[in-house]
Amino acid sequence: MALFVDSSDPKEIKDLFAWGVLSGVTTNPLIIAKEAPDADLGERIREVLAVSTGDVSVELTTETEAEMWDESQIYHAWDPQRITIKVPFSEMGLRVLNRLAKRGIKTNVTCLMALNQAYLAALAGATYVSLFSGRVRDLGYDPKPIIAATRGVLDREGLKSKIIVGSIRHMNDVNEAIEAGAHVPTVTPPILRKMIWHPRTIETIAEFNNAWRARSKKK
Ligand code: E4P
């Protein structure tokens, strides 16, 4: 079991890694376009690498096999041990994934909505298969059985791919992903912070500390 952060913000990532619960980072073109529209991708990812540990997923933005391959080689060179090439799922994606896997380059096949897609990506050698919980729910389906069925098939067939569950919109999506068998939920900073918060915990700690301060005053 592991937990990744879904962000490209070096400040947030540094802060959140200090909790000791994270072991990787996922980014995508939409996240980077929103968080840093004018940033140079290479500089941004190098900053992310500097403040984190573990695998850092960087997504391909081109669409032909040749372009995707060339793009993947640029990203891979930034840190061959840690950069994980995020490959959008498609026929071209599978071709590129298969070539990357044969070279031992880490991959994260992304934008998956269904077991059949995750199964193909796993057979082609994906390091990670990313199921998109919130976007599945947007279509009116429950993502939990899809995650559970994917985990069941990977385990039964001895396929090595790990399931990342992304597109997490609520704290409960994290709980559901874990319960259903995800290896790695990837969670945005605001939702990670909400995972800490509980009103009863805050009240209880305040009650204990107030009692302690009152006792100290009596001495
Ligand atoms: C996961 O790797 C993706 O970056 C992400 O979770 C996509 O989620 P969205 O539906 O919020 O775009």
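Do the conditions hold for MET1, that is, is it out of contact with any Leu (no Cβ under 8 Å at 6 or more places or on another chain) and of a type outside the set (Ser, Thr, Tyr)?
Yes, satisfied.
Which numbered condition in (1) in contact with a Ser or Thr (Cβ under 6 Å, 6 or more places away or on another chain); (2) more than 30 Å from THR110 (Cβ to Cβ) is the only one that SER216 fails?
So the condition that SER216 fails would be (1).
Any read-out appearing in this document is the output of simple, stated calculations on the displayed coordinates, not a laboratory observation. These numbers were taken from a predicted model, which means no experiment stands behind them. Glycine also receives a Cβ, built like all others from the backbone with ideal geometry; neighbour counts cover every protein chain displayed.
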